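K.L.:
One structure is given below, represented as structure tokens, and several questions about it will come after.
The values are calculated or read from the model by the stated rules, or taken from the named source; none is laboratory data. These numbers were taken from a predicted model, which means no experiment stands behind them. With ideal geometry, Cβ positions are generated from the backbone for all residues, glycine too; neighbour counts draw on all protein chains shown. Remember, those area values only see protein heavy atoms, side chains included, never the ligands or the DNA or RNA. Shrake-Rupley method; radii C 1.70, N 1.55, O 1.52, S 1.80 Å.
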Amino acid sequence: MTAGESSGSVVRRILLGSQLRRLRESRGITREAAGYSIRASESKISRLELGRVSFKARDVEDLLTLYGVTDEAERGALLSLVKEANVAGWWHSYSDVLPGWFQTYIGLEGAASLIRGYEAQFVHGLLQTEAYAHAVVARGMRGAAREDIDRRVALRLERQKLLVAERAPDIRIVLDEAALRRVHGGPEVMRGQLEHLVTVSELPQLTLQIMPFSHGWHSGESGTFTILTFPESDLSDVVFLEQLTSALYLDKREDVAQYEKAMAQLQDECPSPEESRTLLRRILSEFA
């Protein structure tokens, strides 16, 4: 199984959940009633409709019956998604060191055709060197076993294969200058990280811009965020907001629109990719 196939399973899970939600709402059936029909709670229906948990074919069959879906072709199409949606992702083997709420993000990231993000404190995970990632992870997992830290770093490096994948997504990243000035792992690690950013900034699928201190206030002052866009036309964009012990996934059109506006303003306000590369080299010279 390829990484794309396992990442796609997350998207299919969300698609299936959203279609079940639309069917339920169109019939005026409550989550409580739907949960009763499959011997589950209202919260279980909510998690299913959000694509946060795996599906059982029997549950989907019972829900389709409750919603009055009798056409065999329509039922068959939705039931075929169940098997595809339950495929374990490549990251499953890292589940012992990976928070459950982040597993959804990895699947969505791997399935996205466009990734846009603003980072205020750290270099974006897709652009980190192994040494930099190790310094960041070790600090965030104080007291953890070295093996667990190494596995979390290995996971991060595995995600970076997106950059050179045959169908690599369009990646547009804005890094705040603070993320480049904040030293992780010491001067040598930072020098290696900055050299890496200069190199990867030449990749055709990556647009990297730096928001300099000299700009003052900007549209990313509210904090780090990532916007994921998918090739499937019936799957809405998702905004990912990471928190200390959890994450928010926003997909309401009005919420996403605000973040898309902020991202567009950030890119307009930033120096161009070429000018940003010059700024990177200037900061790198300070670590020479």
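K.L.:
What relative contact order, as a whole-number percentage, does segment 174-288 give when Cα pairs under 8 Å and 6 or more residues apart are counted?
P.N.:
34
K.L.:
Further question on the same structure: Rounded to the nearest 500 deg cm²/dmol, what is the calculated helix-only ellipticity per residue at 222 nm for the chain, with -39500 (n - 2.57) per DSSP H run of length n ≥ 4?
P.N.:
Counting only the DSSP helices, I get -16000 deg cm²/dmol.
K.L.:
A follow-up question, please. Express in nm, to one decimal, how much length is gained between GLU188 and THR30 on full extension, taking 0.36 nm for each residue of separation and deducting their alpha carbon distance.
P.N.:
51.1 nm
K.L.:
Report the GluC sites (Glu not before Pro) located in segment 194-288 that are in a DSSP loop and have at most 12 other Cβ atoms inside 10 Å of their Cβ, or state none.
P.N.:
Those satisfying the criteria are GLU202, GLU221, GLU286.
K.L.:
Pull up all non-local amide H partners of ALA247: gap of 5 or more, or a different chain, and H-to-H distance under 5 Å with H placed in the peptide plane.
P.N.:
none
K.L.:
Same structure, new question: Helix 273-285: angle to the longest alpha-carbon principal axis of the chain, degrees 0 to 90, nearest 10?
P.N.:
On a 0 to 90 degree scale, this one is about 50.
K.L.:
Here's something else I'd like to know. Roughly how many whole Å is it from the C-alpha centroid of segment 71-141 to that of segment 146-214?
P.N.:
That distance is 17 Å.
K.L.:
Answer rounded, prolate or oblate for segment 30-138, using the Cα gyration tensor with square roots of eigenvalues a ≥ b ≥ c: rounded when a/c is under 1.5, else prolate when a/b is larger than b/c, else oblate.
P.N.:
Details: a/c = 2.84, a/b = 2.40, b/c = 1.18.
In terms of gyration-tensor shape, prolate.
K.L.:
Shifting gears a bit: Give the total of Lys-Lys pairs in the chain with Cα-Cα distances below 20 Å; include a pair only if its members are 8 or more places apart or on different chains.
P.N.:
Value for the chain: 4.
K.L.:
Give the average over all directions of the projected area of the C-alpha convex hull of segment 235-278, one decimal, in nm². Can you show the working numbers first?
P.N.:
Values: hull surface 18.4 nm².
Over every viewing direction, the Cα hull of segment 235-278 projects on average to 4.6 nm².
K.L.:
Roughly what angle does helix 57-66 make with the longest principal axis of the chain, taking Cα atoms, 0 to 90 degrees, to the nearest 10?
P.N.:
Value to nearest ten degrees: 60.
K.L.:
Give the relative contact order (percent, whole number) for the chain; include only Cα pairs under 8 Å separated by 6+ residues.
P.N.:
Values: 406 pairs, mean separation 53.4, N = 288.
Dividing the mean separation by the residue count of the chain yields 19 percent.
K.L.:
Let me ask you something else. Could you tell me whether segment 142-190 comes out rounded, prolate or oblate from its Cα gyration tensor? Rule is a ≥ b ≥ c as square roots of the eigenvalues, rounded for a/c under 1.5, then prolate if a/b exceeds b/c, otherwise oblate. Provide the component values of the computation, followed by the final result.
P.N.:
On the way: a/c = 2.75, a/b = 1.18, b/c = 2.33.
It is oblate, given that a/c is not under 1.5 and a/b is not larger than b/c.
K.L.:
Right, next: Could you tell me what percent of the accessible area of the chain is made up of carbon and sulfur, with a 1.4 Å probe and every protein chain present?
P.N.:
50
K.L.:
Enter the angle in degrees (range 0 to 90, nearest 10) between the Cα long axis of helix 72-85 and the first principal axis of the Cα atoms of the chain, meaning the one along which they spread out most.
P.N.:
40
K.L.:
Also: Could you check how many percent of all C-alpha pairs in the chain are farther apart than 37 Å?
P.N.:
Within the chain, distances greater than 37 Å cover 21 percent of Cα pairs.
K.L.:
Between LEU79 and HIS218, what is 0.36 nm times their sequence separation minus the Cα-Cα distance? Round to one decimal in nm.
P.N.:
Extra length available between LEU79 and HIS218 comes to 45.4 nm.
K.L.:
If you roll a 1.4 Å probe over the heavy atoms of the protein chains, what accessible area per residue do you get for the chain, in Å²? It would help to have the intermediate numbers written out before the result.
P.N.:
Numbers: 14350 Å² over 288 residues.
With the other protein chains kept in place, the chain gives 50 Å² per residue.
K.L.:
Right, next: Jot down the per residue volume, in cubic angstrom and as a whole number, of the convex hull over the alpha-carbon atoms of segment 34-85.
P.N.:
Values: hull volume 3.5 nm³, N = 52.
About 67 Å³ per residue, rounded to a whole number.
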